[in-house]
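The numbers here are math on the coordinates, done by the rules we state, and not lab data. Bear in mind the structure is a predicted one, so any value in this text is a computation, not a measurement. Neighbour counts run over all protein chains shown; Cβ positions are idealised from the backbone, glycine included.
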Amino acid sequence: MMERAIILAASAIGVGLAMIAGLGPGIGEGYAVGQACAAIGRQPEAQGKIQSTMILGCAIAETTGIYSLVVALILLFMNPLVNML
């Protein structure tokens with residue numbers, strides 16, 4: 001019984017850490033968009049290249065947040081470690 005409580009507590013900590021990992025992409029994407037807007041302000045003729053590169057970078061960065069959400073949901077609702085006891 002004690003092992004189950006330890007596994008559930010460790011899983012709860014893991015869920016919290018996984019959700020904290022979701023903060024990084026948000027901060028990074030905000031910074032990237034700000035820098036892209038500044039670059040477009042300096043060189044309006046390069047808007048297409050800057051914008052497409054920014055969108056691609058934001059999409060790649062967002063996958064980190066999605067992965068952390070999936071890991072958190074798996075640990076929260078379908079914890080595979082509890083069944084090993």
Which order do Leu23, Leu8 fall in if you start with the one that has the fewest other Cβ atoms within 10 Å?
Leu23, Leu8
Exposure proxy order (Cβ contacts within 10 Å, fewest to most) of Glu45, Glu3, Glu29
Glu45, Glu3, Glu29
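If you filter the chain for trypsin sites (Lys or Arg not before Pro), then keep DSSP loop positions with at most 13 other Cβ within 10 Å, what is left?
Filter output for the chain: empty list.
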Using only helices, what value at 222 nm comes out for the chain when you add -39,500 (n - 2.57) per DSSP H run of length 4 or more and divide by the total residues, to the nearest 500 deg cm²/dmol?
-29500 deg cm²/dmol
What the Cα atoms of the chain span along the principal axes, largest first and in whole Å, is 66, 15, 11
Per residue, how big is the convex hull of the range 1-48 when only Cα atoms are used? Give it in Å³.
45
Fewest-first sequence of Met54, Met2 by Cβ atoms within 10 Å of each Cβ:
Met2, Met54
Computed over the range 23-80, the relative contact order (Cα-Cα under 8 Å, seq sep at least six) in percent reads 44
